[in-house]
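As structure tokens, the structure follows; a few thoughts come after it.
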Amino acid sequence: MDKKLETAKVLIEALPYIQRFSNATIVVKYGGNAMAGGRLEREFALDIILMKYVGLNPVVVHGGGPQIGDMLKKLSIESEFVDGMRVTDRQTMDVVEMVLVGQVNKQIVTLINQNGGQAVGLSGKDGKLITARKMKYMKERGGDQPPEIIDIGMVGEIMSIDTRILHSLIENRFIPVIAPVGGGSEGETYNINADTVSGHIAASLNADKLILLTDTEGVLDKNKNLMSTIRVDDVKGLIKNGTIKGGMLPKINCCVEALKGGVGKAHILDGRREHAILLEIFTKGGIGTEIVI
């Protein structure tokens, strides 16, 4: 009986948040150790399904870096990185598209559908969802020297988002699951950072929330304590004093751009934690770092 009462209390605690976010669009970037297989993958699928059943509109954008790396190794294709970005020649791009669209995307869709949800997988090329162009990457060399222009291959930057296909899926009660590749004006395919894609999608949909699942509990201060809330106006100072650095930089910048684009609130959560999304959305204190205007 005690356990049943505890369950009832949890549901009552969640009720105000279910009411508040009824029909809200929530874009979730899914990657990192949360995609490592086993129990966490199924729990992620159940979280997304529950969100849909209680009236939210989840949209999933996924990564797949480790899976791409594994496949490249099997094919004896060397991986090269520049400042964390995979150099993507045409041969590598074929593998990236095969893994992201043909493998990872289908696995997520299947897992959601097997557990009672209705998901549809698509890439950024479907319905002209993501139009991209080749990224011109310039690496600073310091001093008075001009930046070095580095060719990182078929890595793209987003030019535009056409959300018509997403609106159609959402209106028909489907859960979109998006692989982060985009199409160029000449039909070429580009590899695009999944965080970047999720931020642009969230802004284009005027999403209420953008949630990035990562491999840390959130943004930590210099004493390694979790920062529960960060305001956009404070981000530059936190970068300057070294609090935000390394792999957290692109995630924070993604959140800031999304907020400036009209997203209500952004969150960085530990994807290794059970039911991280539900704990952040449906409990008073949340569990990660929220970024707000």
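The values are calculated or read from the model by the stated rules, or taken from the named source; none is laboratory data. Every value quoted in this text rests on a predicted model; they were computed, and no experiment measured them. Cβ coordinates were reconstructed from backbone atoms using ideal geometry, including for glycine residues, and neighbour counts include every protein chain displayed. Calculation scope for accessible area: heavy atoms of the full protein, side chains included, ligands and nucleic acids excluded. Shrake-Rupley method; radii C 1.70, N 1.55, O 1.52, S 1.80 Å.
Give me the count of lysine pairs in the stretch 181-292 whose alpha carbons sit under 14 angstrom apart, restricted to pairs 8 or more positions apart or on different chains. List each step's numbers first, then the result.
On the way: 209/260; 209/265; 222/240; 222/245; 224/245; 236/245; 236/251; 251/265.
Lysine pairs meeting both conditions in the stretch 181-292 amount to 8.
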Task: Per residue value of the accessible surface for the stretch 134-201 (all protein chains in place, 1.4 Å probe), Å² - done: 52
Open item on the list: Given Cβ point charges of +1 (Lys, Arg) and -1 (Asp, Glu) and nothing else, what value in debye, to the nearest 20, does the dipole of the stretch 184-255 about its Cα centre take?
Closed with: 420
Open item on the list: At 1.4 Å probe size, put 138, 85 in order of accessible surface, largest to smallest.
Closed with: 138, 85
Open item on the list: Helix 194-204 against the longest principal axis of the chain: what's the angle in degrees, Cα atoms only, rounded to the nearest 10?
Closed with: 70
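Got a number for carbon plus sulfur as a percent of the stretch 168-293's accessible area, 1.4 Å probe?
Details: 2570 of 5610 Å².
Carbon-and-sulfur percentage of accessible area, whole number: 46.
Place a +1 charge on the Cβ of each Lys and Arg in the stretch 9-62 and a -1 charge on the Cβ of each Asp and Glu, then give the dipole magnitude about the Cα centre in debye, rounded to the nearest 20.
Details: 6 positive and 4 negative charges, 10 e Å.
Taking the Cα centre of the stretch 9-62 as origin, the dipole is about 40 debye.
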Task: Cα-based helix-to-principal-axis angle, 2-20 vs the chain, degrees rounded to 10 - done: 60
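Would you mind getting me the FRET efficiency between residue 110 and residue 245? Use the beta-carbon distance for r and R0 = 25 Å, nearest 0.05. Spell out each step's value before the answer.
Details: r = 37 Å, r/R0 = 1.49.
The value I calculate is 0.10.
In percent, how large is the relative contact order of the chain, given Cα pairs closer than 8 Å and 6 or more residues apart? Write down the numbers at each step before the final one.
Numbers: 550 pairs, mean separation 63.5, N = 293.
Relative contact order comes out at 22 percent.
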TODO: Would you calculate the separation in nanometres between label points at residue 94 and residue 168, each defined as 7 Å from the Cα along the Cα-to-beta-carbon direction?
DONE: 3.0
Task: Cα pair count fraction exceeding 24 Å, expressed as % - the stretch 79-193 - done: 36
TODO: Would you mind checking the tilt of helix 248-260 against the longest principal axis of the Cα atoms of the chain, expressed as 0 to 90 degrees and rounded to 10?
DONE: 70
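Place a +1 charge on the Cβ of each Lys and Arg in the stretch 43-87 and a -1 charge on the Cβ of each Asp and Glu, then give the dipole magnitude about the Cα centre in debye, rounded to the nearest 20.
Working: 4 positive and 6 negative charges, 33 e Å.
It comes to approximately 160 debye.
What is the antiparallel percent of DSSP beta bridges lying wholly in the chain, to the nearest 5? The partial results should precede the final answer.
On the way: 17 of 46 bridges.
Around 35 percent of the beta bridges assigned by DSSP in the chain are antiparallel ones.
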Task: Whole-Å semi-axes of the stretch 149-293's equivalent ellipsoid (Cα gyration tensor) - done: 27, 21, 14
